[in-house]
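Worksheet: one structure, shown below.
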Amino acid sequence: GASMPAITSEVVEDRTCLGNGSGVICVATTTTGCVLAGSALGERGKKAQVVGDEAAHALLVELKHGGCVDEHLADQLVVFMALAKGRSRVRCGTPLSLHTTTAIHLAHVVSGAKFNVVKPQHGGTTCMVECDGIGYEAASSDDAQLLYVATSPPRAAAAAA
């Protein structure tokens, strides 16, 4: 039979914060290396178990769709796809979120990048978002290194993890 995946949890308590009091993020890494997540926020009077159930349900929805990115990452990638050189593709669950369709529209209007959404075929649950980007490249290897540093976690945090 299939072995159970490793499940880890982290509890963070901060009694000085103001707000809804709880939040849960459930994250799954697929066998192909895709990282998907589901999340939920608590509110006064809502039991923590309900918040956990909502986050787990959101993750299961993402896994069922079969995309390579969840709906919260899909719209963030659109900007990078528009700027990139060449054709970018990302497989997303359907339907695309309003955030993603809005990001595609705005990225096209602002940059002129050409997007195409290839609809699911034969009852599939995923679509392919394609973009012919505007060809941005780092001006020098120093710029590329700076971009890498700006998008990398701090070394101290990475070492502690």
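The values are calculated or read from the model by the stated rules, or taken from the named source; none is laboratory data. In this text, all values refer to a predicted model and were calculated from it rather than measured experimentally. Surface areas here come from the heavy atoms of the whole protein model, side chains and all, with no ligands, DNA or RNA. Shrake-Rupley method; radii C 1.70, N 1.55, O 1.52, S 1.80 Å.
The table below gives the values:
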item	result
Accessible-area order (highest first, 1.4 angstrom probe) of the listed residues 104, 134	134, 104
Accessible surface of residue 91 - all protein chains present, 1.4 Å probe, nearest 10 Å²	90 Å²
Phi to ³J(HN,Hα) by Karplus 6.51 cos²θ - 1.76 cosθ + 1.60 over the range 107-122, Hz, x for Gly, Pro	4, 5, 4, 6, 9, x, 4, 9, 10, 9, 10, 8, 5, x, 10, 6
Carbon/sulfur fraction of accessible area - the range 53-93, other protein chains in place, 1.4 Å, %	59 percent
Accessible area of residue 73 in the full protein assembly, 1.4 Å probe (Å², nearest 10)	70 Å²
